[in-house]
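Participant: Take a look at this one; I'll ask things after.
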Amino acid sequence: MPLEQYESYFCPYCGEANELLVDLSGGTHQEFIVDCEVCCAPIVVRLTIRGEEIITLEVHRENEC
């Protein structure tokens, strides 16, 4: 069983594609902040995970939460 998985998303600031390495063993509901690989803006990431599958991946601007 893989413990990590790559997921793609678009930056809510600049719209550019980014890739995120998700730790599937980190719990069923995860929330953390990452910086956009292009514009360096802080992005709030929310995940829902069931088993080895990412059910939802939401990204928001830091001031939208």
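The values are calculated or read from the model by the stated rules, or taken from the named source; none is laboratory data. Computed from a predicted structure; not experimentally measured. So basically every Cβ, Gly included, is an ideal-geometry build from the backbone, and we count neighbours across all protein chains shown. Just the protein is used for accessible areas: all its heavy atoms, side chains included, with ligands, DNA and RNA removed. Shrake-Rupley method; radii C 1.70, N 1.55, O 1.52, S 1.80 Å.
Participant: Loop by DSSP (not H, G, I, E, B), at most 15 other beta-carbon atoms within 10 Å: where is the longest site-free stretch of the chain for GluC sites (Glu not before Pro)?
Facilitator: Working: sites that count: Glu16, Glu37, Glu52.
With GluC sites (Glu not before Pro) excluded where exposed in loops, the chain gives 17-36 as its longest stretch.
Participant: Right, something else. Assuming R0 = 25 Å, can you tell me the calculated FRET efficiency for the pair Glu7 and Val38, based on Cβ-Cβ distance, to the nearest 0.05? Kindly include the intermediate steps, with their values, before the conclusion.
Facilitator: On the way: r = 17 Å, r/R0 = 0.67.
The formula returns an efficiency of 0.90 here.
Participant: How many angstrom separate the Cα center of the range 46-65 from the Cα center of the range 26-42?
Facilitator: The two parts, judged by their Cα centres, are 9 Å apart.
Participant: Rounded to the nearest whole Å², what accessible area per residue is found for the chain with the 1.4 Å probe? Intermediate results must be reported in sequence, preceding the final value.
Facilitator: Values: 4260 Å² over 65 residues.
Dividing the accessible area of the chain by its residue count gives 65 Å².
Participant: What is the gain in length, in nm to one decimal, between Asn63 and Thr28 on full extension, counting 0.36 nm per residue of separation less the C-alpha to C-alpha distance? Show your work: numbers first, answer last.
Facilitator: Numbers: separation 35, 0.36 × 35 = 12.60 nm, distance 2.41 nm.
Contour length minus the Cα-Cα distance gives 10.2 nm.
Participant: Please give, to one decimal in nm, the separation of the simple spin-label points placed at Glu19 and Arg46, each 7 Å out from Cα toward the Cβ.
Facilitator: 2.7
Participant: How large is the Kirkwood hydrodynamic radius of the chain, in angstrom, based on all distinct alpha carbon pairs?
Facilitator: Numbers: mean 1/r = 0.0827 Å⁻¹.
Taking every pair of different Cα atoms in the chain, averaging 1/r and inverting gives 12.1 Å.
Participant: Please identify the chymotrypsin sites (Phe, Trp or Tyr not before Pro) of the chain that satisfy two criteria: DSSP loop assignment and at most 16 other Cβ atoms within 10 Å. Which are they?
Facilitator: Those that pass, being in a loop and sparsely packed, are Tyr13.
Participant: Give me the net charge for the shell around Pro42: Cβ to Cβ below 10 angstrom, other residues only, Lys and Arg +1, Asp and Glu -1. All intermediate terms of the calculation are to be shown ahead of the outcome.
Facilitator: On the way: positive: Arg61; negative: Asp35, Glu62.
Net charge in that neighbourhood comes out at -1.
Participant: Ok, one more. Ignoring ligands, DNA and RNA, what percent of the 1.4 Å accessible area of the chain is carbon and sulfur? All intermediate terms of the calculation are to be shown ahead of the outcome.
Facilitator: Details: 2030 of 4260 Å².
The C+S portion of the solvent-accessible surface of the chain is 48 percent.
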